[in-house]
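Chemist: Handing you this structure, nothing more for now.
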Amino acid sequence: MEAESIPSLSPLIQSADQWGELLLLLPLLVALEAVLSADNAIALAAISRRLHDPKLQGQALNLGLGLALVFRLILIAAAQWVLDFWPLQLLAAGYLLWLCVTNLRSSEAETGDPEPSDDSAADGAVKGLSGVVVTLALTDLAFSLDSVAAAVAVSDNLLLVMIGGVLGVVALRLTSGLFIRWLEVYRHLEAAGYLAVGLVGIRLLLRLVAPQVVPPEWGLLAVVALLFAWGFSQRVPEEAEG
């Protein structure tokens, strides 16, 4: 007699199967989130660094990623519909490409502005904080289309994918904090991050207009790894740091 045929044991077996899937797939989903979110972490760090004040940067990351977590859970819950909804993917691709181009241009044209007064600086900080929070949440949402699609392909267990998404956002918060410090140290890291953002946008766009030429995931990761190597290749001179 098979154990599954004993009614009293069936719930235990099913529970064991679920826990087995959780123990097996959860580390895989978290690792997948971490790998696919490396370029996301640089982008989020660069966006939050606009605030200059470390305290405001931390607040922006906490609030922005808290909002991003809500968006990500909604995206996972509606994954089967959202991932087939091409206008959303087109908007995400366009947003990432816009983010890449505008930030690369602004970093090239950046010049020293006169110091604002205390009152205007305070007003600007509030407006800047809210704007950065929204930008952080939207950026993570655009990136999530790629990572959620990969996670759903690994497991159809909705709760499991959501847990992986929550842990992924926690990991993203920690790595973004590290990248804020590294952006002050390495000259090319911000440009490398935004170039990686552009690559993700191009991949999303190709998936819509020419799916037959979409590069494999490993190819994208290899190019991003090369960009990261370039980003960490040159340190800012010590007198220019800070």
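Quick note: the coordinates plus some simple rules give every number you see, no bench work behind them. Since we're looking at a predicted model, the values are computed, not measured. Cβ coordinates were reconstructed from backbone atoms using ideal geometry, including for glycine residues, and neighbour counts include every protein chain displayed.
Chemist: Measuring from the lowest to the highest alpha carbon on each principal axis, how far does the stretch 175-235 reach, largest first, in angstroms?
Modeler: Here the spans come out as 40, 17, 17 Å, largest first.
Chemist: Arrange the following residues from fewest to most other Cβ atoms within 10 Å of their Cβ: 194, 95.
Modeler: Listed from fewest to most nearby Cβ atoms, that is 95, 194.
Chemist: Peptides 172-183, 51-62: what's the order by average Cβ count within 10 Å, highest mean first?
Modeler: Ranked from most to least packed, the peptides come out as 172-183, 51-62.
Chemist: Counting only other residues whose beta carbon sits under 13 Å from that of residue 54, what net charge do I get with K and R as +1, D and E as -1?
Modeler: Net local charge, residue 54 excluded: +2.
Chemist: Given the Cα-Cα distance of residue 134 and residue 98 and 0.36 nm per residue of separation, how much length would full extension add, in nm?
Modeler: Taking 0.36 nm per residue and subtracting the Cα distance, the gain is 11.4 nm.
Chemist: Under a 5 Å amide H to amide H cut-off, with H placed in plane at 1.01 Å, what residues pair with residue 186 once short-range neighbours are removed?
Modeler: Residues meeting the criterion, in which the H sits 1.01 Å from N, are 236.
Chemist: For residue 83, what residues show an amide H to amide H distance below 5 Å, using hydrogens built from the backbone and excluding near sequence neighbours?
Modeler: none
Chemist: Follow-up. Using 0.36 nm per residue of separation minus the Cα-Cα distance, give me the extension gain between residue 90 and residue 225 in nm, one decimal.
Modeler: 46.1 nm
Chemist: Restricting the calculation to Cα positions, tell me the Rg (one decimal) and the Dmax (whole number) of the stretch 43-82 in Å.
Modeler: Cα radius of gyration and Dmax of the stretch 43-82 are 13.1, 40 Å respectively.
Chemist: What does the highest-first list of 206-213, 158-165, 73-80 look like by mean Cβ count within 10 Å?
Modeler: Highest to lowest by the protection proxy: 158-165, 73-80, 206-213.
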